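A short write-up of the structure that comes next.
Please treat every number below as a calculation from the coordinates, not as lab data. Quantities reported herein were computed from a predicted structural model and do not represent experimental measurements. Note: ideal-geometry Cβ built from the backbone for every residue, glycine included; neighbour counts use all protein chains shown.
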Amino acid sequence: MTPIKGPGAAQTHDGTGLRVAIVHARWNEKIIDALVAGAKKQLLAAGVTEENITVETVPGSYELPIGVQRLYAGSQVQASAGEGISASDLLSSSTTDLKSSPTTAPKKAFDAIIAIGVLIKGSTMHFEYIADAVSHGLMRVQLDSGVPVIFGLLTVLTEEQGLERAGLVASSGMHNHGEDWGSAAVELGVKRREWL
Ligand code: DLZ
């Protein structure tokens with residue numbers, strides 16, 4: 001029986017030819033690493049090739065919206081100019097600078113971007129402010145740019161909750177949520193093309 005929670009019955013989408021980025025925060029590394037691995041596993045399973053998956057990091061979750069925005073803008077410049085630019089160049093230079101970056105293989109703009117972060121509630125209001133800012137920031141980037149941004153931000157009350165949602169606590173019976181994000185990226189990447 002399909003569980004009530006979750007995205008319903010599994011859908012299969014062919015990710016062949018899609019270009020997907022994963023931007024992840026480095027805070028709470030153990031949980032992050034598992035979530036990123038889960039997302040990547042699903043992308044590969046759906047047919048996205050290794051060379052079409054870009055993984056970039058930012059220090060903390062608060063930096064996710066700017067990381068996603070710059071990476072996508074850079075990939076658009078890259079696509080329109082037919083120039084290859086490294087991911088680190090994209091985050092360290094202005095969009096104008098990117099136009100004169102060195103040439104490698106031409107690549108198309110990203111079809112979807114997965115933003116992954118883990119916020120663990122502490123004893124101050126820090127958690128609430130960051131969670132709110134990041135949620136709104138990521139939504140803004142996706143609606144302003146039109147590229148699907150998958151919301152891979154765990155906002156958990158304890159470290160244990162984060163470990164469970166990364167599939168790292170077998171006894172909890174919880175799966176790795178990163179896998180759902182990988183599948184969502186493929187689905188949205190495919191549907192976005194169809195919706196054009
Ligand atoms: C500062 C901070 C704290 C306290 N907690 C987290 C967290 O649980 N998860 C996370 O991704 N980032 C955290 N950060 C870092 C902020 O997101 C941000 O990187 C810094 O405030 C610098 O802008």
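Brief remarks follow.
- Packing-based exposure ordering (other Cβ within 10 Å, fewest first) of Trp27, Trp195: Trp195, Trp27
- As computed over the chain, the Cα convex hull volume per residue (Å³): 126
- Per-peptide packing, taken as the mean over residues of other Cβ atoms within 10 Å, places 20-26, 111-117, 3-9 in the sequence 111-117, 20-26, 3-9 from highest down.
- Ranking of Asp180, Asp14 by count of other Cβ atoms within 10 Å, fewest first: Asp14, Asp180
- Ordering Ser80, Leu153, Ile114 by the projection of their Cα atoms onto the charge dipole of the chain, which places +1 on the Cβ of Lys and Arg and -1 on the Cβ of Asp and Glu, puts Ser80 at the extreme positive end.
- Exposure proxy for Phe110, Phe127: other Cβ atoms within 10 Å of each Cβ, ordered fewest to most, give Phe127, Phe110.
- Measuring between alpha carbons in the structure, the pairs from Lys30/Lys108; Lys40/Lys107; Lys5/Lys121 lying more than 27 angstrom apart are Lys30/Lys108.
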